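Okay, structure first, notes after.
The values are calculated or read from the model by the stated rules, or taken from the named source; none is laboratory data. Being a predicted model, the structure only gives us computed values, none of them experimental. Ideal geometry is used to build each Cβ from the backbone, glycine not excepted, and the neighbour counts take in all protein chains shown. Keep in mind that these areas ignore ligands, DNA and RNA; they rest on the heavy atoms of the full protein, side chains included. Shrake-Rupley method; radii C 1.70, N 1.55, O 1.52, S 1.80 Å.
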Amino acid sequence: MFSSIGAGAYKEGLSTTRALDEHFGHPHRRYRTIHVAGTNGKGSVSSSLAAILQSAGLKVGLYTSPHLVDFRERIRVNGEMIPEQRVIDFVEQERAFFEPLYPSFFELTTALAFLYFAEQEVDVAVVEVGLGGRLDCTNIITPDLSIITNISFDHQQFLGNTLLEIAAEKAGIMKAGVPVVVGETNGHADVREVFAHTAESVGAACLRFADEEAFPMVECELKGDCQRANLRTVQCAVDALHKQPFYAHLLTEGAVCEGLTHVCELTGLRGRWQQVGERPAMYCDVGHNAAGIAYVVEQLSRQQAPVLRVIFGMVDDKDFEQAVTLYERVRDRAVFYITQPSTKRALPAEVLTEAARSHGLRVRVCAPTIKEAVEAALKNASPDDFVLVSGSCYLVADYFSMSV
């Protein structure tokens, strides 16, 4: 499992995926799909679109990753997780076929998701790319719309060491006759050109850049600085879908409003600048790479609190030196409680602590578990302080597991 061991679990190529797909009778061809790639924001955009489509009266499958607490969070129909027994039955009934293939965890999970959506007779499935795009096993679908949220540095060992290389991998989800929405290129003209060239070469129906278009301000349940860009991407995607006859009469202003204001309730999305406590105010956010953490620090810097108490931990394949550099912006008001996620990929708390102190950050506690870090932060906090849990999806998952 990539979530457990990292690069050793990554399996390049689509041959196993195609074998699984053929075995199950190409289930993804029995319903419409929307494909969502990008470095950050995939989960928020996917969940927002699923919520809007549900509010429009459709039966909607939603495939996302990673999960926070329960594996079944990855596969939902109208917000309901796949039943535990269905997962058990899938493994028991199909293992004789799939074990000789040695599929990766994600390949097998994708096959299960596509099959389950067909069994549930969904109208449309919103499918989030696992990693990259071109060689991701979700890339066997031919969607109604392809979406690329943004491009920044993450998973360079698989996708390339430059933004252009990463953009080319993400652009690999573009297909002939399928419209494309790109959320943001952050002013990188060369990245924009990669998308434009790929769209033209594959014969995509049209290419739109959401950050170059104007959309009205609307209310959205998801808060946080990064969600402004995600919302603009969703609005552009809705507009693109509205031009297709199947969606035109369904995507009413009311459906869009209902979906955006109830994203978490309708889809089960968690961990996006989510408030989890009061007095002191306590939030969690799954931002885990440089671009994501930059948004988190910007949001944190605007909090009107005497002390910012940051419970922080990362995994070992992220740029932790850059992360602590970003946190220098709030070091005058911030106190850090360094810990580590409960995964084999965890960056040791001692290593992150040393890096944080070398950048002038005040580390109050270096704890081996999030439970100890949270207890220390809350014990030290006054009711007016602000507490944040961030740095890794897996650290936020640990927090939610601790809170169950």
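With springs only between Cα atoms under 10 Å, which of 44, 301, 392 fluctuates most in a Gaussian network model of the chain? Ranking 44, 301, 392 by mean-square fluctuation puts 301 first. Just 109, 261, 162 to compare: in a GNM of the chain, with alpha carbon springs under 10 Å, which one fluctuates most? Checking each option, the largest mean-square fluctuation is seen for 162.
Compared with the direct C-alpha span, the chain from residue 276 to residue 99 gains 59.6 nm at full extension, assuming 0.36 nm per residue. Build a GNM of the chain with springs between Cα atoms under 10 Å apart, and of 41, 203, 259 the one that fluctuates most is 203. The angle between the Cα long axis of helix 370-380 and the main principal axis of the chain comes to about 50°, on a 0 to 90 degree scale. In whole percent, how big is the carbon plus sulfur part of the accessible area of the chain, probe 1.4 Å, protein atoms only? Roughly 50 percent, rounded to a whole number. The mean accessible area for residues of the range 33-74, using a 1.4 Å probe and ignoring ligands and nucleic acids, is 19 Å² per residue.
Within the chain, antiparallel bridges make up roughly 20 percent of the DSSP beta bridges whose residues both belong there.
Return the percentage of antiparallel bridges among DSSP beta bridges fully within the range 1-138, rounded to the nearest 5 %. Please report the intermediate quantities before stating the final value.
Details: 5 of 14 bridges.
Here the share of antiparallel DSSP bridges comes out near 35 percent.
Charge tally for residue 378 (other residues, Cβ to Cβ under 15 Å; Lys, Arg +1; Asp, Glu -1): 0. Per residue, the range 154-262 exposes 46 Å² of solvent-accessible protein surface, assessed with a 1.4 angstrom probe and all protein chains in place. Working from the Cα coordinates of the chain, the gyration tensor eigenvalues give, after taking √(5λ), semi-axes of 34, 24, 21 Å in decreasing order. Direction-averaged projected area, Cα convex hull, the range 91-245: 11.5 nm², rounded to one decimal. Separation of the range 159-212 and the range 326-404, taken as the distance between their Cα centroids, equals 36 angstrom.
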